[in-house]
Amino acid sequence: MTPERYEKIRRVLSRRQPTLTVLMDEVNKPHNFSAVLRTCDAVGVLTAHAVPPKSGALPTFDATSGSAHKWVAVQKHPDAVVAVRDLQAQGVQVLATHLSQRSLDYREPDYTRPTCVLLGAEKWGVSDEAADAADANIVIPMFGMVQSLNVSVAAATILFEAQRQRLAAGMYAAPQLTPAELDRLAFEWAYP
Ligand code: SAM
């Protein structure tokens, strides 16, 4: 471990956003799962959440992740609605990416609040139950012939809006982790 590498680790951790996350509900293609994690790393998500597909295991990481899976922890949940309620109980607003009567443009919510973006499976999207349990439903407006985006593209679009708002609010300028958390994670990342 060179001093430069350790400095980089501390710099990255000083910009991590423990109050910004995603919940992937049965996203099952490894390249999508990996691409979402890569975006999470880029915007500073500390821990992502995922409900494994019915097969039981999380998709394996592939080259699409870069090495993002080493830097973004993934917490597993057995069920999306239970996960949504757990996050809400911790004070996190859950924004389901879902087209419904109450859907907002994805740029409307305040992403400086503790926020989780709920992403749906490639084939069937977010379930109505999980979308109903969420605090809001959001959509990226679509004006083409195809009805939806690839899930990793949608995740990137929304997470970079969150990054834009958080940058404007100064949330990357000072560490969001406590000094003790930052020290502990720096040690774990440096000596895995
Ligand atoms: N047939 C599915 C449906 O009706 O929801 C399509 C799922 S889409 C391929 C996979 C996921 O990408 C969605 O669950 C959502 O998380 C995200 N997504 C795709 N297009 C989106 C959009 N325009 N706005 C917000 N999220 C979108």
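The values are calculated or read from the model by the stated rules, or taken from the named source; none is laboratory data. Treat the numbers as computed from the prediction; the structure is a model and nothing was measured. Backbone-built Cβ (ideal geometry, glycine too); neighbour counts: all protein chains shown.
Only one of the listed residues (Tyr191, Tyr172) is more than 16 Å from the ligand (Cβ to nearest atom) and more than 22 Å from Val43 (Cα to Cα). That residue is Tyr191. Residues considered: Arg102, Arg184, Arg166, Arg85. Of these, the only one that is in contact with a Gly (Cβ under 9 Å, 6 or more places away or on another chain) and not small (Gly, Ala, Ser) is Arg166.
Please indicate, with yes or no, whether at least one residue in region 22-36 is in a helix (DSSP H, G or I), surrounded by 15 or more Cβ atoms within 10 Å (Cβ to Cβ) and away from the ligand (no atom under 16 Å from the Cβ). Checked against the condition, which is being in a helix (DSSP H, G or I), surrounded by 15 or more Cβ atoms within 10 Å (Cβ to Cβ) and away from the ligand (no atom under 16 Å from the Cβ), region 22-36 yields no hits at all. Among the conditions (1) more than 18 Å from Ala154 (Cα to Cα); (2) within 16 Å of the chain's Cα centre (by Cα), the only one that Arg85 does not satisfy is (2). For Thr47, are the conditions met, namely being within 30 Å of Ala186 (Cα to Cα), free of Cβ contacts under 8 Å to residues at least 40 places away in the same chain and under 13 Å from the mean Cα position of the chain (by Cα)? When the stated conditions are applied, Thr47 passes them. Please verify whether Glu161 is within 16 Å of the ligand (Cβ to nearest atom), at pLDDT 95 or above and in contact with a Lys or Arg (Cβ under 7 Å, 6 or more places away or on another chain), treating the condition exactly as stated. It is true that Glu161 is within 16 Å of the ligand (Cβ to nearest atom), at pLDDT 95 or above and in contact with a Lys or Arg (Cβ under 7 Å, 6 or more places away or on another chain). When Leu185 is tested against (1) within 16 Å of the ligand (Cβ to nearest atom); (2) part of a helix (DSSP H, G or I), just one condition goes unmet, and that condition is (1). Within region 137-153, if we keep just the residues that are near the ligand (Cβ under 7 Å from one of its atoms) and closer than 19 Å to Val84 by Cα, the residue that is surrounded by the fewest Cβ atoms within 10 Å (Cβ to Cβ) turns out to be Val139.
The set of residues in region 37-57 being part of a helix (DSSP H, G or I) and either closer than 22 Å to Val84 by Cβ or in contact with a strand residue (DSSP E or B) (Cβ under 8 Å, 6 or more places away or on another chain) (or both) consists of Leu37, Thr39, Cys40, Val43. Scanning region 65-100 for residues that are in contact with a helix residue (DSSP H, G or I) (Cβ under 6 Å, 6 or more places away or on another chain), surrounded by fewer than 18 Cβ atoms within 10 Å (Cβ to Cβ) and among the β-branched types (Val, Ile, Thr) yields one hit, Val81.
For region 59-129, the strands (runs of 3 or more DSSP E) that sit wholly inside it and include 3 or more residues that are away from the ligand (no atom under 16 Å from the Cβ) are 73-76.
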